[in-house]
Amino acid sequence: MPIQIKTGDITQEAVCAIVNAANSSCMGGGGVDGAIHRAGGPEILEECQRIRQEQLPDGLPTGQAVATTAGRMPSRYVIHTVGPIWGRCGSEEACDRLLENAYRNSLSLARRLGCRSVTFPAISTGIYGFPPDRAARIACRTVRAFLQQHPEMEVTFIFHSEESRRIFEKATEEKCH
Ligand code: AR6
């Protein structure tokens, strides 16, 4: 199944898992994280708090992923991952690797949960300042490599604006369709 690209609001996606561009506290925030917690309702935060207490007292490390319910949203799970903060990884290449980890670990977790359909936002390209064209190439390459191993999975990239979708498509030269 080829990768799907669309413009819209990830909270409305009726897929098995949507991915949240969270922060290491996992307690919510702005951007897509805020939208997901608002749309899903308090159940998501309650589960995040339980995960923090039982498994992650120091928070979710950058590049790792955990899953919760999607609450009132049409998807089944929210996979919370933490993308790198651009300029805070030691080197640009280290940031690249952390972004790659965020995509790959989210996909692996979705698969372990039995999901075949996953929708991603453009992780790290908002508040975390990762250059969107550079992030696009990493996202595309990482998802394509995963799909080669697991062709039964269906992956969608959703963009909040036509402009960010256009940047993604230009950076990946349509190869991610
Ligand atoms: N649906 C799809 N994409 C969205 C939505 C939405 N409803 N809302 C925003 N985006 P950001 P980050 C896009 O800043 O850079 C939070 O406070 C947005 O246009 O949400 O990884 C967290 O708690 C952008 O292209 O995530 C962290 O502290 C993309 O989602 C921090 O921000 C990601 O932007 C994470 O920063």
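Throughout, read-outs are computed from the coordinates displayed, never taken from laboratory work. All values reported here derive from a predicted model rather than from experimental measurement. No Cβ is skipped: glycine too gets one built from the backbone with ideal geometry, and neighbour counts run over all protein chains shown.
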Requested in this report: Could you order peptides 157-166, 77-86 by the average number of other Cβ atoms within 10 Å of their residues, highest first?
Outcome: 77-86, 157-166
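Using Cα pairs closer than 8 Å and at least 6 residues apart in sequence, work out the relative contact order for the stretch 4-172, in percent.
Details: 329 pairs, mean separation 49.2, N = 169.
Reported as a whole number, the value is 29 percent.
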Query raised in the report: Convex hull volume of the Cα atoms in the stretch 14-61, per residue, in Å³?
Result: 82
Query raised in the report: What percent antiparallel are the DSSP beta bridges of the chain, to the nearest 5?
Result: 25
Query raised in the report: To the nearest Å, what is the center-to-center distance of the stretch 22-84 and the stretch 95-135, using C-alpha atoms only?
Result: 14
Report task. Using only the alpha carbons, work out the radius of gyration and Dmax of the chain in angstrom. Result -> 14.8, 44
